[in-house]
4 protein chains.
Amino acid sequence: MTTARLLITCADRSGIVQAVSSFLYHHGANITALDQYATATEGGTYFMRVEFVLPALISGRQVIEQAFAASVAAHYHMSWHLSIVEDTKKVGILVSKYDHALLELLWRWSRGLLPCVITHVVSNHEDLRSAVESFGVPFSVVKVTKDNKHEAEAQIARIMAGNDVLVLARYMQILSADFVKQWPMKIINIHHSFLPAFVGADPYRQAYDKGVKLIGATAHYVTADLDQGPIIEQNVERVSHRYSVSDLRELGEDVERNVLTRAVRWHLEDRVIVHNNKTIVFD
Amino acid sequence: MTTARLLITCADRSGIVQAVSSFLYHHGANITALDQYATATEGGTYFMRVEFVLPALISGRQVIEQAFAASVAAHYHMSWHLSIVEDTKKVGILVSKYDHALLELLWRWSRGLLPCVITHVVSNHEDLRSAVESFGVPFSVVKVTKDNKHEAEAQIARIMAGNDVLVLARYMQILSADFVKQWPMKIINIHHSFLPAFVGADPYRQAYDKGVKLIGATAHYVTADLDQGPIIEQNVERVSHRYSVSDLRELGEDVERNVLTRAVRWHLEDRVIVHNNKTIVFD
Amino acid sequence: MTTARLLITCADRSGIVQAVSSFLYHHGANITALDQYATATEGGTYFMRVEFVLPALISGRQVIEQAFAASVAAHYHMSWHLSIVEDTKKVGILVSKYDHALLELLWRWSRGLLPCVITHVVSNHEDLRSAVESFGVPFSVVKVTKDNKHEAEAQIARIMAGNDVLVLARYMQILSADFVKQWPMKIINIHHSFLPAFVGADPYRQAYDKGVKLIGATAHYVTADLDQGPIIEQNVERVSHRYSVSDLRELGEDVERNVLTRAVRWHLEDRVIVHNNKTIVFD
Amino acid sequence: MTTARLLITCADRSGIVQAVSSFLYHHGANITALDQYATATEGGTYFMRVEFVLPALISGRQVIEQAFAASVAAHYHMSWHLSIVEDTKKVGILVSKYDHALLELLWRWSRGLLPCVITHVVSNHEDLRSAVESFGVPFSVVKVTKDNKHEAEAQIARIMAGNDVLVLARYMQILSADFVKQWPMKIINIHHSFLPAFVGADPYRQAYDKGVKLIGATAHYVTADLDQGPIIEQNVERVSHRYSVSDLRELGEDVERNVLTRAVRWHLEDRVIVHNNKTIVFD
């Protein structure tokens, strides 16, 4: 038995559930999960996630895809994507010196809690080599300076080629618009504030100066617009006047670990659809 | 256009989504929400909630119900229930002296945030009469003593006849098994603890004596087993050694208001299915 | 027995606790609560809140104040304030049309959960008159237009004269800098977003457009800088793509009720000190 | 400069703050933190935590302790304890096969976030040896069977001798009353439920069967009464009918990590006083 997931976006019309479920039924699939959402009761945009199992012998991926494209998808003008769960997604990680988000990902992955292969970690610093290699994951350093940004990104692109998603686990370099364009909605970043509050540098310092009573973290897809990509997940923790900037950072790092982990897992489980710079998360 | 909801429970088999959605499609309905859950990937129990709109002219409720019973429901041996949203549910409330849960319900209802008609409030005390009547809701006192329990319950049953659901908004009398049997999964109670911790009397005192660091409240359906009915919703708030029993009560009452409100709204929106003394909540 | 509270701010030096507690001890007071905070381990600013009881016969307020001013306060160059708990604080409320924050305050107050007298509610609309008057609180309408802002504020000032604090329970008019100056750190506003995110108008719409996964509310003191005054309390609730703007508003109003209530209670209990546009909250 | 902390319990009387702060002042100490709590406004039990710095040259620990014992402590019949922060506490950890709680402690400790020395990890299984040793911490296996419980505990006692606190990071053996007696309020356990709900074995299974909507974890001191010792910290996470027992366990392990970490840190920072089987936590 093979497990697969279908993500669908189209203009909302009557009969979509019926059409998709009939298609799957007649191809021998059994639906195990189904979520849908429409932006309006009428005339909105429609989103669907279906998870189903089917005996591999009856229909292969290509057959299913071609049949679906030619029938239901064509009829409803769907944009859609089929994932086979057994095709484990490949993940590359970029990091600088902070290890908390990276280690949380590696640790969960090593316990079988992240359904992916972590193929490579790239950093602009040597610091985390032994931590990464102890998990049996290759580690490369790509130094980035003012002058070599283009070459550095080309080198990262070569190393990361073939991955399904890149995770910025506190990577302190800004990726160029050109680089980002190669990975549309496939780069996940963790920002250490409750966006849109405290965009830019040193958000814990900004939060301290402002005297907020909660600090947060935001996982989002990276777009050419810095800190403005679609938000996947956010969370906060309560703080008080007693928290210094470094106390905020220490607590905030726990939030970051937690938020990034959830966002990555949802992405790996094909739970996220992006529409109008916002996410639909079928969690 | 009429909005309706179908709640379904049956043994899990292939093709259910297809069968239900095809049925609705061919009767002219447009599915606006669909949730499903199965207790196991194979051989479990299957639950579904579908919300749909359909033009009243094409098919009336009775036609739909008979057709569904004879076809899909019969084929899959479903236990199922159809609600028409426009048939606003009738709610009766039982209360003693504490007003917080009652007022929260009345206040939200008066603002249009609870889709129901609150038909009557019955109490074993006079205290809350003017508070209730100021919302334009009839208020009756039914005194309960050791000796008149049977008659008192009969009187309550007469007053509450015709309601779809009863809410115990801190009603301090224990309803008899006979009474409860007349309202299966139609009586919602708010218990002032995080069940199953602190069953029985004076849970805030119990929580204080135990020194817990969180206090909670639980909304559940009432069964003959005291404090053991299916849990619909729970929540907690953080407390510390500084909280006296009355501080716990004061904070706990906020949790109760919040938890009961959500449970009642979910019930009114046909989001709750009970199975094996547990709830499936499609929220 | 009288209960009093002393709030102190001064440059941090050795011996402050000793000096204050000795002073109180020798005046016959018994300390029932003591909180302190310094912005740095050395050379910072020091804040203290002491609650104490003392037999009224031994020393009156004036005697205590004069003695404290002449000795400890002078020696440490303290800015300080003494409150007698029995001098119940007077609160005036400004509101427009939304009733949720107002009713929460009135309801808690009527149950004895807010230690104050609510003296008057002023609105720029008639809508909430009967709701307010049913609590036995005077209600006045002061219309505000482009042309009469100055006169309107003068009228509000006359009505509210003698109050200790003003609460803006969703008052949709911007108070002038002149008005605000008359009530330094004595006007509490509830802003319907997690500041500093979504300053300005229609924050729930902004939150919807941004696709945030949490929405919040912020209670803060009003300063001449709109939405920039010291934050007293904040909280958030989790939302998803399924929330429309009005769903966000409905849930957000619960957060607002809760956050404003806590901020007002802390202020009434002399738990808040403002320093550098941030609050120290001894909760 | 040396930093020290004084924890005090005594019958509540007037003048305690004055007496303690005067004592410290006259011995050249500067108070940097002070918390107090009394169980009643009059006639209760009084608890205090004072943190202070003092130049080591002026007064040594022994001098201070003797002077305090002979004066303030004797006068108020205090039970008290002085800790010198620079005397880093020694921590031994007991674990079985689950690694999540253990790794969280080791990882935070290795980052400097737990003020202690982790001296030794003892397990009844070999499984976690390399994980522990990679942090440079000695690891020993002490097998426990029905027949050797006495000898096994004697062996653990020898290995752990000299530690200030033992942490049971999911240690699946029940320690004997005799063993526990040697470590009064010095053994911290993490229980994988929101106590007092779900005492005993397999709490995630119990939580699943009950259908609770929140699952939790509880860190508590170990007493001879199984799962009944004073609660230090608790937390919960929201779950739904969709969580299988293993999903509950996976999420619950995150709560356990978080709750145990906080309890251990509070203990190490001398923030916890036990009274009547409950904790006062000056966090």
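The values are calculated or read from the model by the stated rules, or taken from the named source; none is laboratory data. None of the values given here were measured: they were computed from a predicted structure. Because the Cβ atoms are built from the backbone with ideal geometry, glycine has one as well, and the counts that use them run over all protein chains shown. The accessibility values were calculated without ligands, DNA or RNA, using every heavy atom of the protein model including side chains. Shrake-Rupley method; radii C 1.70, N 1.55, O 1.52, S 1.80 Å.
Using the alpha carbon gyration tensor of the range C:187-255, what are the three equivalent-ellipsoid semi-axes (square root of 5 times each eigenvalue), largest first, in whole Å?
Ellipsoid semi-axes (Å, largest first): 22, 11, 9.
Per residue, how much accessible area does the range B:89-281 show when a 1.4 Å probe rolls over the protein heavy atoms, in square angstrom?
Computed with neighbouring chains in place, this is 38 Å² per residue.
Using the Cα centre of chain C as the reference point, and only Cβ charges (+1 on K/R, -1 on D/E), how large is the resulting charge dipole? Debye, rounded to the nearest 20.
60
Sort all Cα-Cα distances of the range C:81-146 into consecutive 5 angstrom bins from zero, then give the percent of pairs in each bin up to the one containing the longest distance.
It works out to 4, 16, 27, 23, 13, 9, 6, 2, 0, in whole percents.
Can you give the FRET efficiency to the nearest 0.05 for C:Ile84 and A:Asp209, using r as the Cβ-Cβ distance and R₀ = 30 Å?
The computed FRET efficiency comes out at 0.25.
What net charge do the residues around B:Gln228 carry, taking every other residue with its C-beta under 14 Å from that of B:Gln228, with Lys and Arg at +1 and Asp and Glu at -1?
With Lys, Arg at +1 and Asp, Glu at -1, the neighbours total -1.
Quick one: pull the percent of accessible area on the protein assembly as shown belonging to carbon and sulfur, 1.4 Å probe, ligands and nucleic acids left out.
Here carbon and sulfur together make up 52 percent of the probe-accessible area.
Report, to one decimal in Å, the Kirkwood hydrodynamic radius for the range D:123-165 based on all distinct Cα pairs.
Result for the range D:123-165, one decimal place: 11.4 Å.
Compute the accessible area per residue over the range C:2-84, keeping the other protein chains in place, probe 1.4 Å, unit Å².
With all protein chains present, the range C:2-84 gives 42 Å² per residue.
Just to confirm the numbers: B:Lys149, label point 7 angstrom along the Cα-Cβ line, distances to the other copies in nm, shortest first?
4.3, 6.7, 7.8
I'd like to know how the range B:2-84 sits against the 2.2 N^0.38 Å rule of thumb: what's its Cα Rg over that expected value?
1.04
Considering only Cα-Cα distances, which of the following residue pairs are longer than 26 Å: A:Lys149/A:Lys278; A:Lys213/D:Lys210; D:Lys146/D:Lys278; B:Lys210/D:Lys181?
Check vs 26 Å cut-off fails for A:Lys149/A:Lys278; A:Lys213/D:Lys210; D:Lys146/D:Lys278.
At a probe radius of 1.4 Å, figure out the D/B buried accessible area, summed over both chains, and give it in Å² to the nearest 100.
Separately minus together, D and B give about 2900 Å² buried.
Looking down the axis that turns B into C, which residue of B has the closest beta carbon, and how many Å out?
Result for the B and C rotation: B:Ser134, 3.
Have a look at the range A:23-43 and report residues whose accessible surface goes down by 40 Å² or more when the remaining protein chains are included, against the chain on its own, probe 1.4 Å, ligands and DNA/RNA excluded.
Residues shielded by partner chains are A:Tyr25, A:Asn30, A:Leu34, A:Gln36, A:Tyr37.
To one decimal place, what orientation-averaged projected area in nm² is obtained for the convex hull of the Cα set of the protein assembly as shown?
50.1
For B:Leu226, which inter-copy label distances result when the label point lies 7 Å beyond Cα on the Cα-to-Cβ vector, reported in nm to one decimal and in ascending order?
Distances to the matching label points in the other copies: 2.8, 5.9, 6.5 nm.
What is the distance in Å between the Cα centroid of the range B:146-198 and that of the range D:40-87?
Centre-to-centre (Cα) distance: 56 Å.
So for the pair B:Asp178, C:Asn148, with labels modelled 7 Å out along Cα→Cβ, what separation do we get in nm?
Label-label distance for B:Asp178 and C:Asn148, simple model: 6.6 nm.
Once you put a point 7 Å from the Cα of B:Val141 and another 7 Å from the Cα of D:Ser71, both along the Cβ direction, what distance in nm separates them?
6.5
Could you give me the percent of Cα pairs per 10 Å distance bin for the range D:123-222, shortest bin first, beginning at zero and ending with the bin that holds the maximum distance?
13, 38, 34, 14, 1
Rounded to the nearest 0.05, what FRET efficiency do A:Asp225 and D:Ser246 give with R0 = 35 Å and r taken as the Cβ-Cβ distance? Could you check?
Calculated transfer efficiency: 0.30.
Students often check this: by mean Cβ neighbours within 10 Å, which of D:131-137, D:277-283, A:272-278 ranks highest, and how do the rest follow?
Descending mean neighbour count gives D:277-283, A:272-278, D:131-137.
Compare each residue of the range C:197-218 in its chain alone against the assembly with all protein chains, and report those whose accessible area goes down by 50 Å² or more; 1.4 Å probe, heavy atoms.
Going by heavy-atom accessible area, the residues of the range C:197-218 that drop by at least 50 Å² are C:Lys210, C:Lys213, C:Leu214.
Pop a pseudo-label 7 angstrom from the Cα along the beta-carbon direction at both C:Gln155 and D:Arg129 and give the gap in nm to one decimal.
With each label point 7 Å from Cα toward Cβ, the separation is 8.6 nm.
Write down Rg/Rh for the range D:89-281, rounded to two decimals, with Rg from the C-alpha atoms and Rh from the Kirkwood relation over Cα pairs.
We get a ratio of 0.95 for the range D:89-281.
Helix-only mean residue ellipticity at 222 nm, the protein assembly as shown, DSSP H runs n ≥ 4 weighted -39,500 (n - 2.57), per residue, nearest 500. What is it?
When only DSSP H runs of four or more count, the value is -9000 deg cm²/dmol.
With a 1.4 Å probe and all protein chains kept in place, how much accessible area does D:Met78 have, in Å² rounded to the nearest 10?
Near enough 20 Å² of accessible area.
Could you sort D:Val63, C:Val165, A:Val222 by their accessible area in this structure, using a 1.4 Å probe and putting the largest first?
D:Val63, A:Val222, C:Val165
Suppose you put the label 7 Å out from Cα in the Cβ direction; list, shortest first and in nm with one decimal, how far D:His275 is from each other copy's label.
2.8, 5.0, 5.8
If the only charges are +1 at each Lys and Arg Cβ and -1 at each Asp and Glu Cβ, what is the size of the charge dipole of the range D:2-84 around the Cα centre, to the nearest 20 debye?
160
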